[in-house]
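These notes concern the structure reproduced below.
Values quoted throughout were computed directly from the atomic coordinates according to the rules given, and no laboratory measurement underlies them. It should be emphasised that the depicted structure is a prediction, and the values quoted were computed from it without experimental measurement. Counting neighbours? That spans all protein chains shown, and the Cβs are built from the backbone with ideal geometry, glycine included.
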Amino acid sequence: MKLVHQYNYNMNANKNLIEICQYFSEILGPSSEVILHNAKTGEIEWINEGALSKRNIGDKSKIAILKLINSKCINENTNRIVGALNVSEPDRLIRTNNLMIRDDDGKVLYCLSINQDVSGFAQIEPFIKNLFAQQSKINLNFDQIGDNEDIEDIMVNIILEETKHADIYKLNSKEAKLNILKRLSARGVFKVRQSVPKVCEILEIAQPTLYKYLKQIEQAQE
């Protein structure tokens, strides 16, 4: 008797990609979630049942975040980011992986994301160092930046790193945005002029609002 797995998905999505998503989901099991994002709209076109993030078909991820991931891929001359670690909630360690799927002209059509709950492996971390290899923090020190280094690229890496500390697909609350801005400010991101429009795009706030939030952060630290 053939076992057929039934899934719900956006009927306009690429059927081959949907089958690939189903395949990965069945292999990885319930401790992982597989998500197919429409890169143009941000809409989730497929996600496994009982996903870790509790999201559903039709929910939208932030276009700015998908663009930022794509920007990092382009800067690193790759189509994928594998093995980034973040804490989605206390005591829950998530390994995130993203693959940008492009057309023949290089335009991004979809972002295939696989998020894995690897909290249980933390107890045997010494035995799986490759899985838990984390990128070292990038310190923004203008005195040490070489002539050939791209400051915007450094800034993008810092922003990506710091947004791991929050659910990057749910940055709508003021509290979440203040927490991200506080981290970015502590890393010196706002010393770079072009960082302001980039952060505003990601957090979907106007520049006057960003400066108001930064002032609130500064006053709270006095």
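Structural remarks
- Cleavage-rule hits, chymotrypsin sites (Phe, Trp or Tyr not before Pro), the range 16-121, DSSP coil, Cβ neighbours within 10 Å at most 10: none
- Full extension of the chain between N77 and K212 gives 44.9 nm of extra length, using 0.36 nm per residue less the Cα-Cα distance.
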